[in-house]
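Chemist: To start, I am sharing the structure in question, which I have written as structure tokens.
The values are calculated or read from the model by the stated rules, or taken from the named source; none is laboratory data. As the structure is a computational prediction, the values presented were derived from the model and not from experiment. Cβ atoms come from the backbone with ideal geometry, glycine included; neighbour counts cover every protein chain shown. Heads up: the accessible areas ignore ligands, DNA and RNA and are worked out on the full protein's heavy atoms, side chains in. Shrake-Rupley method; radii C 1.70, N 1.55, O 1.52, S 1.80 Å.
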Amino acid sequence: MSSALTSIAVYCASAEGASPVYRQAAQELGQTLAARNVGLIYGGAKVGLMGAVAEACLEAGGHVVGVIPEVLVDLEVAHEGISELHVVDTMHTRKALMSEKADAFFILPGGYGTLEEMFEVLAWQTLRLHNKPIVLLNINGFYDDLVRFLDHAVAHGVLKPKSRSILLQVETVAQAFVQLQQMGYTCG
Ligand code: AMP
């Protein structure tokens, strides 16, 4: 199979993170997407790691599409300088549009919002609603406990091994692209 990935959705924290390592990974991802000519789809905010990935992608000449619900624009966190900003009515519409526009999903460190977005695309894939790669970027071991929990869920028979295997895991931005290429995808 060979399939070209032209847009990747990145789910990540609206907070900065306690370690500069997370911001560096977000910036590296933004720069890499631009260098590979792969569009960034993200939550449209200028704050936290979300802002860092978008800013780095823009500065490197990349194409950045943000999808943000009206309520967050009003809180003045929308990034006005990106290539396309879609203002939608609800969080549900936002997630639907982001997932529809993306050819793959990358997850950087994040909180509830990030985890919700990741689990939604995972759950949808178990239901065969899409077949787009979902890559967890376990930067600095941030997601080690989550990975252990998923294995625990398999061991306890409530998560099927086949469903568990949907989530691809890497430790660096570079590995994420190598992993996709090994699976037959081309990224720019
Ligand atoms: P969290 O990990 O809880 O910070 O949530 C970040 C994720 O949820 C992002 O990928 C966004 O799509 C969405 N999100 C949460 N908070 C915001 C915000 N203030 N502005 C824009 N998007 C947000």
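Chemist: As an exercise: evaluate residue 128 against (1) touching a helix residue (DSSP H, G or I) at 6+ places or on another chain (Cβ under 8 Å); (2) open to solvent by 40 Å² or more (accessible area, probe 1.4 Å); (3) part of a loop (DSSP other than H, G, I, E, B) and give the number of the one condition it does not meet.
Modeler: If we test residue 128 against (1) touching a helix residue (DSSP H, G or I) at 6+ places or on another chain (Cβ under 8 Å); (2) open to solvent by 40 Å² or more (accessible area, probe 1.4 Å); (3) part of a loop (DSSP other than H, G, I, E, B), just (1) comes out false.
Chemist: Now a separate question. Looking at the range 93-105, is at least one residue over 15 Å from residue 5 (Cβ atoms), out of contact with any Phe, Trp or Tyr (no Cβ under 6 Å at 6 or more places or on another chain) and free of Cβ contacts under 8 Å to residues at least 12 places away in the same chain?
Modeler: yes
Chemist: Under 9 Å between Cβ atoms, at least 6 apart or on separate chains: pull out the pairs that start in the range 139-157 with a residue that is at positive phi and end on any residue that is part of a helix (DSSP H, G or I).
Modeler: Every condition considered, the pairs that remain are 140/21; 140/22; 140/25.
Chemist: Counting just the residues of the range 75-91 that are closer than 14 Å to residue 47 by Cα and either out of contact with any helix residue (DSSP H, G or I) (no Cβ under 8 Å at 6 or more places or on another chain) or polar (S, T, N, Q) (or both), which one comes out farthest from the ligand (Cβ to nearest atom)?
Modeler: Top of the filtered list is 80.
Chemist: Can you say whether residue 85 is open to solvent by 20 Å² or more (accessible area, probe 1.4 Å) and on the phi < 0 side of the Ramachandran plot, as far as the supplied structure shows?
Modeler: yes
Chemist: Among the residues of the range 99-117 satisfying the criterion of being more than 7 Å from the ligand (Cβ to nearest atom) and open to solvent by less than 10 Å² (accessible area, probe 1.4 Å), which is farthest from residue 187 (Cα to Cα)?
Modeler: 109
Chemist: Of all helices (runs of 4 or more DSSP H) completely enclosed by the range 33-109, which ones contain at least 1 residues that are within 23 Å of residue 122 (Cβ to Cβ)?
Modeler: Passing ranges, in order: 48-59, 91-101.
Chemist: I need a count of the residues in the range 148-163 that are of a type in the set (Gly, Ala, Ser), open to solvent by 50 Å² or more (accessible area, probe 1.4 Å) and part of a helix (DSSP H, G or I).
Modeler: The number of residues fulfilling the criteria is 1.
Chemist: Being open to solvent by less than 40 Å² (accessible area, probe 1.4 Å) and polar (S, T, N, Q) is the filter; apply it to the range 4-20 and report the residue that is modelled with the highest pLDDT.
Modeler: This residue is 7.
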